[in-house]
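S.K.: Below is one structure. I have some questions about it.
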Amino acid sequence: MRKLLIAANWKMYKTPAESTAFLTAFAPLVKHHDKTEIVLCPSMTSLPALVDAARSKSVSIGAQNMHWLNEGAYTGETSPTMLTAIGATHVLIGHSERRQYFNETDTTVNLKLKSALAHSLTPIVCVGEHLNERESNLTANVLKLQVSVALEGIDPAALAPLVIAYEPVWAIGTGRTATPEIAEEAHKIIRTQIAQVAGSSVAAATRILYGGSVKPDNATALCRLDDIDGALVGGASLDPASFAQIIINATH
Ligand code: 13P
């Protein structure tokens, strides 16, 4: 059985004080939801305070990005050892905004995935097609390529912690959610491709999250589907009540 995982991606929102205030309001709202793994991914500057504040709570804290090397002359970057040193346990890799604005490629996603696994950080690898790719019937090709390159050269035995997030780019921040049918079809394509590259037992164990305009009112219909194992939530995760309601609805 794959445990449901609901993650918040706060993008470039919230100061450290705002992040811990969120947790104070949010934690009591989900304290009975131990069947769901909950992860908050704040900005780098909020990570230490949020890790500290989450210690006695069943909420994990992850970064939104990292470099694949442990150290070096890479101005502005954060390394996996820096993340584990402060107690972060998860990391988003290859979010479409990083691919779009910061030259993230399938190849750097592969390097980061290898590095995260080597440092025992749970990787949440983001994949997804652009609107023009969907309209040209290229969705399956895009997803298969993104998954194959991300997993290239990785021993299947090391992939147990892998989490994939399917985030169709046209659904991010647009209010235009993929229908449950569209999402389920894409998740099946991703799972089949994982099986091709890493074998069927890895594919069966990998959690695949849906992301893109997830809200309290669509969380139930999405998360109830066989191949959807949770959600990666942007805008609706910024408010404690709304994010808690997504978690509550996703488990029903
Ligand atoms: P929205 O939920 O705001 O569409 O963002 C989705 C996302 O990018 C999560 O990583």
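S.K.: Among Ser213, Asn137, Ser96, whose Cα lies farthest out toward the positive end of the dipole of the chain, if unit charges sit on the beta carbon of Lys, Arg (+1) and Asp, Glu (-1)?
M.R.: My answer, from the dipole projection, is Ser213.
S.K.: Rolling a 1.4 angstrom probe over the protein heavy atoms, how many square angstrom per residue are accessible across segment 1-121?
M.R.: Averaged over the residues of segment 1-121, the accessible area is 50 Å².
S.K.: From Cα coordinates alone, what are the radius of gyration and Dmax values for the chain in angstrom?
M.R.: 16.8, 49
S.K.: From the protein chains alone at 1.4 Å, what is the descending order of accessible area for Ser60, Ser115, largest first?
M.R.: The ordering from most to least exposed comes out as Ser60, Ser115.
S.K.: Right, something else. If R0 is 22 Å, what FRET efficiency do you get for Ser120 and Lys3 from their C-beta distance, rounded to 0.05?
M.R.: Once the sixth-power term is evaluated, E becomes 0.80.
S.K.: For segment 4-28 and segment 140-195, what is the centre-to-centre distance using only Cα atoms, to the nearest Å?
M.R.: Centre-to-centre distance over Cα atoms comes out at 25 Å.
S.K.: Here is a follow-up. Using the structure shown, list the pairs from Lys31/Lys215; Lys31/Lys114; Lys57/Lys144; Lys3/Lys112 with a Cα-Cα distance above 31 Å, or answer none.
M.R.: Lys31/Lys114; Lys57/Lys144
S.K.: Right, here's the next one. Rounded to a whole number, what % of the accessible area of segment 10-87 do carbon and sulfur atoms account for, probe 1.4 Å?
M.R.: 58 percent
S.K.: Would you mind calculating the gained length between Arg176 and Tyr74 on full extension (0.36 nm times residue separation, minus the Cα-Cα distance), in nm to one decimal?
M.R.: Gain in length upon complete extension: 33.0 nm.
S.K.: Is any helix in the chain, taking whole DSSP H runs, at least 20 angstrom long along its axis by alpha carbon and on average at least -1.0 on the Kyte-Doolittle scale, and which ones?
M.R.: TM-like helix candidates: 180-198.
S.K.: Taking Rh as the Kirkwood radius computed over C-alpha pairs, what is the Stokes-Einstein D of segment 123-245 at 37 °C in a medium of viscosity 0.692 mPa s, expressed in µm² per second?
M.R.: For the chosen part, D equals 224 µm²/s.
S.K.: Also, I was wondering about something else. Are there chymotrypsin sites (Phe, Trp or Tyr not before Pro) in segment 54-162 that DSSP puts in a loop and that have at most 15 other Cβ atoms within 10 Å, and which ones?
M.R.: Loop-located and lightly packed - Tyr74, Phe102.
S.K.: Something else: Find the accessible area per residue for segment 149-191; the probe is 1.4 Å, ligands and nucleic acids are left out, and the unit is Å².
M.R.: On a per-residue basis, segment 149-191 sits at 40 Å².
S.K.: Can you list the GluC sites (Glu not before Pro) in segment 8-87 that are in a DSSP coil and have 11 or fewer other beta carbons within 10 angstrom?
M.R.: Qualifying residues, ordered by number: Glu71.
S.K.: If you take every residue apart from Ala27 with its C-beta less than 13 Å away from the C-beta of Ala27, what net charge results, scoring Lys and Arg +1 and Asp and Glu -1?
M.R.: +2
S.K.: So, with +1 on the Cβ of K and R and -1 on the Cβ of D and E, and no other charges, what is the size of the charge dipole of segment 15-85 about its Cα centre, to the nearest 20 debye?
M.R.: That gives a dipole near 280 debye.
S.K.: Find how many whole Å separate the alpha carbon centroid of segment 211-252 from the alpha carbon centroid of segment 106-137.
M.R.: Each part reduced to its Cα centre gives a spacing of 21 Å.
S.K.: Taking the Cα centre of segment 1-134 as origin, sum charge times position over the Cβ atoms of Lys and Arg (+1) and Asp and Glu (-1), and report the length of that vector in debye to the nearest 20.
M.R.: 400 debye
S.K.: Under a plain spin-label model, where a point goes 7 Å from the Cα along Cα-to-Cβ, how far apart in nm are Ser200 and Ala21?
M.R.: Between Ser200 and Ala21, the label points sit 5.3 nm apart.
The values are calculated or read from the model by the stated rules, or taken from the named source; none is laboratory data. The structure displayed is predicted, hence computed values, not measured ones. Cβ atoms come from the backbone with ideal geometry, glycine included; neighbour counts cover every protein chain shown. Quick note on the areas: whole protein, heavy atoms, side chains included, nothing else; ligands and nucleic acids left out. Shrake-Rupley method; radii C 1.70, N 1.55, O 1.52, S 1.80 Å.
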